[in-house]
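Below you will find the structure I want to go over with you.
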Amino acid sequence: MVKCLQDLLADARRVNVDSLMAVPLLHPPMQAATLRHHPQQDEGALVAVIEFLTAFALFLIILTAFLSLAQLPLSSNDPRTDLVDRAATESLERLTANEGWFVPELNGNRDVANATSEWHLHTSVELSKGNLQPGLISEGKLDLQRLSALKNITEGAMIQGLGLDDGLNMRLLIRVTDSSVSDREGLILFEGGTTRDSASISSTASRSFTSTGETVQVSVEVHDGGKAPPQLQMTEIFPDPNGGNPEWIELQNPESFAVTLRGWSFLKGGTTATINYLFTEGVIPGNSISILTGSISSQTVANASTVFEMGGSGLLGIGTIDGLSDSNGWVEMSYAYDAESEGSLVQKCIWTPSTGVVGGSSLQWNSSTRGWDLSYSASPGEI
């Protein structure tokens, strides 16, 4: 293009020089007048031609650049990848743009009149029943109270609140990246959600916040991997109480997000009647302990965050009223998704006379051996 422009300018100069050479030689006065007049006109014409050609060349350069940029791959050209990238960015924006918003439920309906940005002051049960858009920012800063309240949100509620499409899952990581206290650097404040192990596409969006001498990074990873099943674990079973105390089963939620009990079932048998109890509601906060008991009023709870009354179901008893068999019984814990007719076995505990269970003793889960140990120091609500 540059060579063409040079050729055009050269032709223009030749045209003007040739036109000057072609002027007839008149008598001296006329020739002098002509020589004084025509160079000015020709110079103006030459300038006009040069300006026109320069402007035209500039237009061609801009047009060529625009057409070239229009053909550049500004994205992956894969609609699915673009969808995941956009979902990660938008999820992070929703989570870190404001305080969030919560509309509670009242008699099965949205209680819009009591909608609030103070969602972190509600219980895990209330949050599971209402409509939540979580937010972690208050007055332009990362709010530690809201961050702490993430344990009351189920992973499903977080996915819905962030507006992720069906088939997309997420993992949230909040950690200290820089601190005036060296021991806090790298400290994970929250990590929960489904890993991308089975994903074909994933995208991560991050944002950092600085306050009180620390920099905290919030990262949201969105992917198309399958959603991991919720995690619950029986950690201690008390089948033979003394002195009128209740039977109880201790549960632990090892995940950072809350777990809803909907879909979880407990089947017990042995020398007592076989009973299967299916939960349809209830929530256990993240990284917390819960107790199923034959009587809430006489149950020791210690550090348990939630306690569920099971005496009326026949699953657990109190005193001489047995739910669980004293020395020869078993308990199974299963989980079923909403679309499943039967649950999958998650954990089972069996005790026989040879196990040595006596009044006041318990069976405690040993995560190292993946088995049950007999303990003579029952400790409900303590792991």
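5 Å is the cut-off here: which amide hydrogens, built 1.01 Å from N in the peptide plane, fall below it relative to Ile318, excluding neighbours closer than 5 in sequence?
Long-range HN contacts for Ile318: Glu247, Gly323.
A follow-up question, please. Work out from phi, with θ = phi - 60° and the Karplus expression 6.51 cos²θ - 1.76 cosθ + 1.60, the ³J(HN,Hα) of each residue of segment 133-146, listed in order in whole Hz, and give x for Gly and Pro.
With the stated coefficients, segment 133-146 comes to 10, x, x, 10, 10, 9, 6, x, 10, 5, 8, 5, 5, 5 Hz.
Compute the long axis of helix 2-21 from its Cα atoms, compare it with the longest principal axis of the Cα atoms of the chain, and write down the angle in degrees, 0 to 90, nearest 10.
With rounding to tens, the tilt is 20 degrees.
Now, a different point. Can you tell me the length gained on complete extension of the stretch Thr54 to Gln217, counting 0.36 nm per residue apart and subtracting the Cα distance? Let's see the in-between values first.
Numbers: separation 163, 0.36 × 163 = 58.68 nm, distance 5.17 nm.
Taking 0.36 nm per residue and subtracting the Cα distance, the gain is 53.5 nm.
In addition: Computed FRET efficiency, Cβ-Cβ of Ile61 and Asp166, R0 56 Å: what is it to the nearest 0.05? Spell out each step's value before the answer.
Numbers: r = 48 Å, r/R0 = 0.85.
According to the calculation, E is roughly 0.70.
Next question. In segment 280-361, what chymotrypsin sites (Phe, Trp or Tyr not before Pro) fall in a loop by DSSP, with at most 16 other Cβ atoms inside 10 Å?
Numbers: sites: Phe308, Trp330, Tyr335, Tyr337, Trp351; in loops: Tyr337.
Hits after loop and neighbour filter: Tyr337.
Given axes a ≥ b ≥ c from the Cα gyration tensor, I'd like to know whether segment 57-184 is rounded (a/c under 1.5), prolate (a/b larger than b/c) or oblate.
Numbers: a/c = 2.65, a/b = 1.85, b/c = 1.44.
Prolate, since a/c reaches 1.5 and a/b exceeds b/c.
Counting only pairs 8 or more residues apart or on different chains, how many lysine pairs in the chain have their Cα atoms under 22 Å apart? Before the final figure, lay out the partial values.
Values: Lys129/Lys151; Lys129/Lys227; Lys141/Lys151; Lys151/Lys227; Lys268/Lys348.
The number of close lysine pairs in the chain is 5.
For the chain, what does -39500 (n - 2.57) per DSSP helix run (n ≥ 4), summed and divided by total residues, give at 222 nm, in deg cm²/dmol to the nearest 500?
Values: 6 runs with 100 residues, N = 383.
Helix contribution divided over all residues of the chain: -8500 deg cm²/dmol.
With an 8 Å cut-off on Cα pairs and a minimum separation of 6 or more residues, tell me the relative contact order of the chain in percent. Working shown, then result.
Details: 754 pairs, mean separation 42.8, N = 383.
With pairs under 8 Å counted, the relative contact order is 11 percent.
Let me make sure I get this right: for the chain, a, b and c are the square roots of the gyration tensor eigenvalues over alpha carbons, sorted descending. Under 1.5 in a/c it's rounded, otherwise prolate if a/b > b/c, else oblate. Which is it? If you can, show how the numbers build up before the last one.
On the way: a/c = 4.36, a/b = 3.92, b/c = 1.11.
Since a/c reaches 1.5 and a/b is larger than b/c, the shape of the chain is classed as prolate.
All of the numbers you see were taken from the coordinates with simple rules; none came from a lab. The structure displayed is predicted, hence computed values, not measured ones. Quick reminder, even Gly has a Cβ in these numbers, built from the backbone with ideal geometry, and neighbours come from all protein chains shown.
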